[in-house]
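Working notes, structure below.
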């Protein structure tokens, strides 16, 4: 057992460290990444749910804990969960000490994944590039809007992104070691990705790695066969492990399980879903990448304009750069391009789908900033101005909007968010501010333009993190409510089964810890239905004409439309299903 444990530790170290003769890791840089990652995630995990996606995922974990069903627990409306259970397992495990799933425990796996990945990403880049590039890459990744937003969100996308990107890094390390032995760490991470999102977790990383192998080797049939066999050698054991859950899910839920798996994976990939959710054209993903990678998109636009003006982006210039690039730089480009292009193909597109590409984009950005900064201090001054202006505008706009008393729903949200900033959160912000001042003073004193850029990035991470917390509330068009607000108006303990109409009441179901079902004609008298006020008249036409209001809750957004109303069916039903 001791030898096995020692070998496992050596394999993990081998993924992060290729050459022992390279410089030892900088403790300051490593702990800088850890500290920033922790302070930008943990303090914001217990805010109330205010979107559809977060409580929908938390409900599955809550059902796991309440029903002790760890394979395929009943989701909203008793349906089969739309995603495999790995993220829900992590949430459930995090919730076991407290005995219940909370906002904090449901977001904790995402935060832990980002902190661990950030530390490993720093070590990985450090051993293959400069310390400056490693620190810049880590801070750029943490400061990109989409990555930071996902780190404090209860969604499967963070676990998928860190698992998939981590698997790609582990495969690259395995290649550097001459492909000796079995890439155990890569296989484990691929398994995690597959149990988080589905078959794409296996196919995508192996396809990207195989394509890079092909581009870097001989263009012969024999080499293609070798690459395919290597990929199959990794895929087979992963598929065998993952298939155990699929078999168990089918035995438990039957054909409904297979229908859900087909719909969420194959129908989505082939753009044959009936409702076609999140349908967008391919340029939409380019726009989402530009927004998600803020504030660094502003830097890239400025740099690209300068490069084009100097004819540095001609075909010949790009070919020369590719020939001069290191294996890691080429790998980062291939991985980022493949992930982006792949998720542009289906009609269903969301900004979080391309998150696995963010670490590789951050690596490319860090290398570019290091190169540009080494040649001119003017660029570093422009970089600093762009980042500081972005952070200042974001902070002013968000904080200003919160304090505008003339807009009722904005004022309500501002008051609620400010009230949620407890003393310990204020203490965290003070620590962040002191940390930023200390870093800036140290870097400025040394007069190094690149270190000054790193300090500016750190400051942007902190300021953006502070501003993003209230920004989440301001930008969300959804209801957020606390459990105590429900319990104080109506005794829900006597209702084992409740209904929603017009939209899914994920938030209400989570806080009441009760299963909800979609209201349809034929409900028995006395049933309780939750409905947004704007849909109340439609409920009377389609479900039952005679209802009695038993509870009402202000949403905090567009009160005339988004207020939630609980009604009891008290008369004969005349509604008919709408075709």
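Of note:
- In segment 112-147, the residue that is nearest to residue 326 (Cα to Cα) out of those that are modelled with pLDDT under 85 and surrounded by fewer than 24 Cβ atoms within 10 Å (Cβ to Cβ) is 129.
- Any chance residue 297 is at pLDDT below 70 and at negative phi: no
- Residue check for residue 109: in a helix (DSSP H, G or I), under 30 Å from residue 254 (Cβ atoms) and within 17 Å of the chain's Cα centre (by Cα): yes
- Hey, residue 232 touching a residue at least 24 places away in the same chain (Cβ under 8 Å), closer than 29 Å to residue 268 by Cα and assigned to a helix (DSSP H, G or I) or not: no
- Restricted to segment 89-100, and to residues there that are part of a helix (DSSP H, G or I) and surrounded by fewer than 19 Cβ atoms within 10 Å (Cβ to Cβ), the residue that is nearest to the chain's Cα centre (by Cα) is 89.
- Filtered residue count, segment 155-180, keeping only those that are surrounded by fewer than 20 Cβ atoms within 10 Å (Cβ to Cβ) and either closer than 22 Å to residue 345 by Cα or free of Cβ contacts under 8 Å to residues at least 12 places away in the same chain (or both): 2
- Only a single criterion out of (1) at pLDDT below 90; (2) surrounded by fewer than 21 Cβ atoms within 10 Å (Cβ to Cβ); (3) touching a helix residue (DSSP H, G or I) at 6+ places or on another chain (Cβ under 6 Å) is not satisfied by residue 81, namely (2).
- Residue 103 being within 16 Å of the chain's Cα centre (by Cα), surrounded by fewer than 23 Cβ atoms within 10 Å (Cβ to Cβ) and under 26 Å from residue 299 (Cβ atoms): no
- Just one of the numbered conditions (1) part of a loop (DSSP other than H, G, I, E, B); (2) modelled with pLDDT of 65 or more is not true of residue 478: (2).
- Selection from segment 188-212 of residues that are closer than 25 Å to residue 123 by Cβ and surrounded by fewer than 19 Cβ atoms within 10 Å (Cβ to Cβ): 188
- Considering (1) surrounded by fewer than 15 Cβ atoms within 10 Å (Cβ to Cβ); (2) touching a helix residue (DSSP H, G or I) at 6+ places or on another chain (Cβ under 9 Å); (3) closer than 26 Å to residue 364 by Cβ; (4) at pLDDT 70 or above, the lone condition that residue 324 does not fulfil carries the number (2).
- Residue in segment 368-378 that is at pLDDT 70 or above, part of a helix (DSSP H, G or I) and under 26 Å from residue 124 (Cβ atoms) present: yes
- Selection from segment 303-321 of residues that are assigned to a helix (DSSP H, G or I) and modelled with pLDDT under 65: 303, 304, 305, 306, 307, 308, 309
- Listed by position, the helices (runs of 4 or more DSSP H) contained in segment 481-579 that have at least 1 residues being at pLDDT below 75 and surrounded by 14 or more Cβ atoms within 10 Å (Cβ to Cβ) are 483-487, 559-562.
- Flag for residue 265 being surrounded by 12 or more Cβ atoms within 10 Å (Cβ to Cβ), free of Cβ contacts under 8 Å to residues at least 60 places away in the same chain and under 28 Å from residue 336 (Cα atoms): no
- In this structure, residue 249 does not satisfy being touching a residue at least 40 places away in the same chain (Cβ under 8 Å), at positive phi and surrounded by 15 or more Cβ atoms within 10 Å (Cβ to Cβ).
- Scan segment 509-528 for residues that are in contact with a strand residue (DSSP E or B) (Cβ under 9 Å, 6 or more places away or on another chain) and either without any contact (Cβ under 8 Å) to a residue 40 or more places away in the chain or farther than 13 Å from residue 77 by Cα (or both) and the total you get is 9.
The values are calculated or read from the model by the stated rules, or taken from the named source; none is laboratory data. Quantities reported herein were computed from a predicted structural model and do not represent experimental measurements. All Cβ positions, even for glycine, are placed from backbone atoms using ideal geometry, and neighbour counts span all protein chains on display.
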